[in-house]
Every structure is written in structure tokens, then in C-alpha cells.
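To start, the structure itself, in C-alpha cells.
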Amino acid sequence: DIYTSKKYKNKDWSEKVDLIFRKLSQQENFQYFDVNPIKQEIATLNQANLQKLSYLWNCFHRYYIQIYKPSAIRWGDKTPRNVFFLNKIQSIFPDAKFIYLMRDPYDMCASHASMKGREGEYDKGAERWVKSNYEAVNFFMKQKQNILFLRYENMVRYPKLIIQKVCNFIELEFREDMLDNLATVQE
């Protein structure tokens, strides 16, 4: 981890920011997203109380939603691999709320094995399902607050009910138009 690793401990703030954004820009989702304006703004912060990973992530996500979804009032992250970093995420964002969407293992393995480059890898899908759920359950057993556990299949079958639960959990007013994209959902 660039931010907490001993290897990077002695680097100054601007070097850490540069390394974080370089790694971020290598991710598929952000390859074509110009991070330079926000990177420069964050890198030049000279107030020690703002030179924190939580501040960096908040700035980055607010910049992102300003471009792609200006009406958004908060941000969230849905990266599946984050299940392996729940303790670290909580240490950075102590007030974070976690929504864990568990999928049926057979469906998850079939989905995994149908993805390009993973054709037929059912065993790797199963291994990923076990590891992910093990991490989540361990974290949730210790945490027990700010966690909403949902089943994917219930979200597909009862979208309005589940979206209402999510809205209640994150203290956001439910609106019927939140269900407008259901035409793309397939069971």
C-alpha cells in the first residue's frame, strides 16, 4: 500500500499523491479520466491536517462526481476487491457504512467463468467466493454496526424493497426514480 508502506513513509506528501494517482490512472475505470487537475490541487496542499488519505479520496471522488454526476451528494465505492481491505478502509473512514451484497455461490461461479479471459474457471470463481465471504463475515462479526447485509437475489426479485432498505441505511430519501434503470436487470 503506497500510503502506509514503510517503503514510502519518508516520502513527502506530493510524492505520495503522485504515486497514488499514478496507480489509480492504471486502473481500467480511470484510464481515460484526466486526474491531473485534482492531483495538482491535492499535491500542493501544505496544511498537515489535510495531508491524509481520507481527504485525498474525498477530493478525488467529489471531483469525479462533479464531472460525471453533478447532482450527487455523496460518494461510494463498489470495488469487489475492497472486501480484503475492510479494516484498512474503516481505519481511514471511521464513519463509513458498508453494504455487503452476497450472491449465490453457484451463480457467482457461473458469472466468473463466463467472463472474457476466465472462461471455464469455475474453481477460481468458487475460491474467490469463499475468500471474499470469509473476509466479509470476519469483519462483520467484529464490527456489527454500520453494516447492511443483502442478498443479490433479493435485490433482483424485490428491487424496491431492497433500495428502500439501502436508502434507510445510508440516510437518503427514497425516490421512485431510483428504480428507473431496472430494465437492464436480469435474473
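Quick one: accessible surface of Cys59, probe radius 1.4 Å, all protein chains present, in square angstrom to the nearest 10.
Roll a 1.4 Å probe over it and Cys59 shows about 20 Å².
Enter the accessible area of Tyr122 (Å², nearest 10), with the probe set to 1.4 Å and all protein chains included.
In the full protein context, Tyr122 sits at about 130 Å².
Please arrange Leu24, Leu50 by accessible surface area, largest first, computed with a 1.4 Å probe and ligands excluded.
Leu50, Leu24
In region 1-127, what is the volume of the convex hull around the alpha carbon atoms, normalised per residue and reported in Å³?
Taking only Cα atoms, region 1-127 has a hull volume of 156 Å³ per residue.
Solvent-accessible area of Glu176, probe 1.4 Å, all protein chains present, reported in Å² to the nearest ten, please.
Spelled out: Glu176, probe radius 1.4 Å, area about 100 Å².
If you average the C-alpha positions of region 25-100 and of region 114-187 separately, how far apart do those two centres end up, in angstrom?
What the calculation gives is 21 Å, centre to centre.
Put Ile73, Ile92 in order of accessible area, largest first, 1.4 Å probe: what do you get?
The ranking, largest first, comes out as Ile73, Ile92.
In what sequence, largest accessible area first, do Arg151, Arg157 appear using a 1.4 Å probe?
The most accessible residue leads, giving Arg157, Arg151.
Under the rule of -39500 (n - 2.57) per DSSP H run of 4 or more residues, summed and divided by the residues of the chain, what mean residue ellipticity at 222 nm is obtained, to the nearest 500 deg cm²/dmol?
My calculation for the chain gives -15500 deg cm²/dmol from helical runs alone.
Could you tell me the convex hull volume per residue, in Å³, taken over the Cα atoms of region 94-187?
Spread over its residues, the Cα hull of region 94-187 gives 119 Å³ apiece.
Setting aside same-chain residues fewer than 8 positions from Lys160, which lysines have a Cα under 29 Å from its Cα?
Lys69, Lys78, Lys97, Lys144
So what is the relative contact order of region 1-104, in percent, for Cα pairs below 8 Å that sit 6 or more residues apart?
18
The values are calculated or read from the model by the stated rules, or taken from the named source; none is laboratory data. Please read all numbers here as calculations on a predicted model, not as lab measurements. Please note that ligands, DNA and RNA were not included when accessible areas were found on the heavy atoms of the full protein model with its side chains. Shrake-Rupley method; radii C 1.70, N 1.55, O 1.52, S 1.80 Å.
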